[in-house]
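Down below is the structure, laid out as structure tokens.
Throughout, read-outs are computed from the coordinates displayed, never taken from laboratory work. These numbers come from a predicted model, not from an experiment. Cβ coordinates were reconstructed from backbone atoms using ideal geometry, including for glycine residues, and neighbour counts include every protein chain displayed.
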Amino acid sequence: MSIPLDIAALGERAAAMIEELGAISQSPDTLTRFFLTPEHRRAADLVGRWMREAGLDVTEDALGTVRGHWHPAGEEAPRLLIGSHIDTVAEAGKYDGCMGVILAILALEAVTRVGLSRPYGIDVLAFGDEEGTRFPTTLSASAAVAGIFSPANLTMRDADGISYRDALIAYGKNPDDIPAAAYDPDKVIAYVEAHIEQGPVLEAENEPLGVVTAIAGASRLSVTVTGEAGHAGTVPMRMRHDALLGAAEMALAVERIAKADRHGMVATVGRMHIDPGSVNVIPSRVVFTVDLRSGSDTSRRDALTRFEREAHRIAAQRQLSVVISAFHEVATVPCYPDLQLRLRRSITDVDRRAVAMPSGAGHDGQAMSKLCPIGMLFVRCRGGISHNPAEFAAPLDMGLAAAALVRFIERFNLPHLENNTTGAET
């Protein structure tokens, strides 16, 4: 028999908790909550209180990840992990990350209230460093849980010159304890995360919930186009070597390549620097960036090859030179097919259908995939807006997501899941 659920009430509770957590900020007018700050401490304490009220035992690891434990089969039983993060970008919205932690707590509260028996335990995780806004690193909290934390992170410094190591110590942690934060892979079944979509697809589909097929891989390029400066009034158009026009044509080529892809590819030229930057001088040099993301590594690599070929063709045609260098590369992280199926069934238990979709944004699941299979549930957000104070998810949608997590737990018996390492294709 299914656990009785009041979806509207779950949504209203989630909304109230979002507001309470969102009030913890270093700024009185906007939400900014960075890793290992006094605001992080207050947020972690509030989340820990909610976990205890939900019937969970609470611990905290060496990087400040708050862990709520439910162990109906004993502390040595294998664990299902559910969570997200509680740090934010500067001037953030209230839902990114935090909603996933809150929905997990509400789902576990419903489960513990009825005394559900399971042959495994569940840990709710509230990570503190997903956004990478204080130190030049990201996913370091989930990396520690997954056993892949890089000691080099400890030497990194924030904008005030404070090292990661010193910030940990000031937070009351011992850096030497970081290895103990890692789970034993043999004792972990899977990691599941609920998150706002951060995009407009669910809203366009008029559906509240989706199932993530993969966290997209990403490539970032720096492209330098060199031409020749000249007087804007005296050099005929046919004799110009205009670096900006060449760069613009290359940017349009990126767009064309992404639009032709069948794996949800997106491409962005987000930054462009023009030399000499004078109103009356033909641009001699342009440096621009390309951010290319896809749910298929093969598709992304093929797109990079096509772009490089097009960029050199355009440069030759316009008598320019072009140099392309990669400065960031992250492989696609597929979501485990069995977990996708289980989440889809859980969603259809409480709503009409689940939209299958890739995630173009990064998540803690990228680090957690090095530990165990991962699955993700997306919740519709208004206008697709995220990393912005206007970020919003409707209470009813959050209630449906919490209910879907409860149904997921109810249905979840010990499966035979193999670790899903990065680099696999979807």
Per the helix-only model, the chain has a calculated mean residue ellipticity at 222 nm (DSSP H runs of ≥4, -39500 (n - 2.57) each, divided over all residues, rounded to the nearest 500) of -10500 deg cm²/dmol
Farthest positive-ward along the chain dipole, Cα basis, beta-carbon charges - from Ala9, Ile196, Gly246
Gly246
quick note, the chain, DSSP beta bridge pairs, % antiparallel (nearest 5) is 65
Three-way shape label, the chain, alpha-carbon gyration tensor, a/c 1.5:
prolate
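Take every Cα pair under 8 Å in the chain that's 6+ residues apart, average their separations, divide by the length, and report that relative contact order as a whole percent. The partial results should precede the final answer.
Values: 977 pairs, mean separation 96.5, N = 426.
The normalised contact order for the chain reaches 23 percent.
Place the peptides 98-104, 116-122 in order of packing, highest mean first, counting for every residue the other Cβ atoms within 10 Å and averaging per peptide. Show your work: numbers first, answer last.
Numbers: 98-104: 28.7, 116-122: 16.6.
So the order, starting with the most tightly packed, is 98-104, 116-122.
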Out of Asn280, Gly128, Leu36 - ranked by how far each Cα lies towards the positive end of the dipole of the chain, with unit charges on the beta-carbon of charged residues - the top one is Asn280
I need the shape label for segment 1-134. Rule: rounded when a/c is under 1.5, else prolate if a/b > b/c, else oblate, with a, b, c from the alpha carbon gyration tensor.
oblate
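Which whole number of Å³ per residue matches the convex hull of the alpha-carbon atoms in segment 217-330? Can you show the working numbers first?
Numbers: hull volume 9.8 nm³, N = 114.
Roughly 86 Å³ of hull volume per residue.
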Round to the nearest 0.05 the FRET efficiency obtained for Ser150 and Ala170 when R0 = 22 Å and r is the Cβ-Cβ distance.
0.60
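Using 0.36 nm per residue, how much length does the chain from Asp184 to Ser27 gain when fully extended, once their Cα-Cα distance is taken away?
52.6 nm
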Have a look at Leu63, Thr138, Ala326 and report the one farthest towards the positive end of the charge dipole of the chain, computed about the Cα centre with Cβ charges (Lys/Arg +1, Asp/Glu -1).
Ala326
Could you work out the relative contact order of segment 217-330, using alpha carbon pairs under 8 angstrom and six or more residues apart, expressed as a whole percent?
45
For segment 1-131, what is the percent of antiparallel DSSP beta bridges, rounded to the nearest 5?
60
With the chain treated as a Gaussian network of Cα nodes joined by springs under 10 Å, which of Val350, Val323, Val235 yields the largest mean-square fluctuation?
Val235
Excluding residues fewer than 8 places away in the same chain, name every one of the lysines whose C-alpha is closer than 17 Å to that of Lys187.
Lys370
For Ala390 paired with Thr268, estimate the spin-label separation in nm (one decimal), with each label point 7 Å from Cα along the Cα-to-Cβ line.
1.6
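Charges at C-beta only: +1 for Lys and Arg, -1 for Asp and Glu. How large is the resulting dipole of segment 217-330 about its Cα centre, in Debye rounded to 20?
Charge dipole of segment 217-330: 180 debye, to the nearest 20.
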What order, most packed first, do the peptides 76-87, 258-269, 371-382 have when packing is the mean number of other Cβ atoms within 10 Å of each residue?
371-382, 76-87, 258-269
Could you list the residues of segment 110-125 with an amide nitrogen less than 12 Å from a label point located 7 Å from the Cα of Asn413 in the Cα-to-C-beta direction?
119
The chain - charge dipole about Cα centre, Lys and Arg +1 at Cβ, Asp and Glu -1, debye rounded to 20
1140
Given a 10 angstrom Cα cut-off, can you work out which residue in Gly161, Gly64, Gly210 is the most mobile in a GNM of the chain?
Gly161
Tell me the label-point distance for the pair Arg238, Thr298, using the 7 Å Cα-to-Cβ offset, in nm and rounded to one decimal.
4.8
Taking the Cα atoms only, what angle lies between the long axis of helix 337-350 and the longest principal axis of the chain, rounded to 10 degrees?
70
Euclidean distance of C-alpha centroids, segment 1-48 and segment 367-408, integer Å
14
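Indicate the gyration tensor shape class of segment 120-250 (rounded, prolate or oblate), computed on the Cα atoms with a ≥ b ≥ c the square roots of the eigenvalues: a/c under 1.5 is rounded; otherwise a/b larger than b/c is prolate and the rest oblate.
oblate
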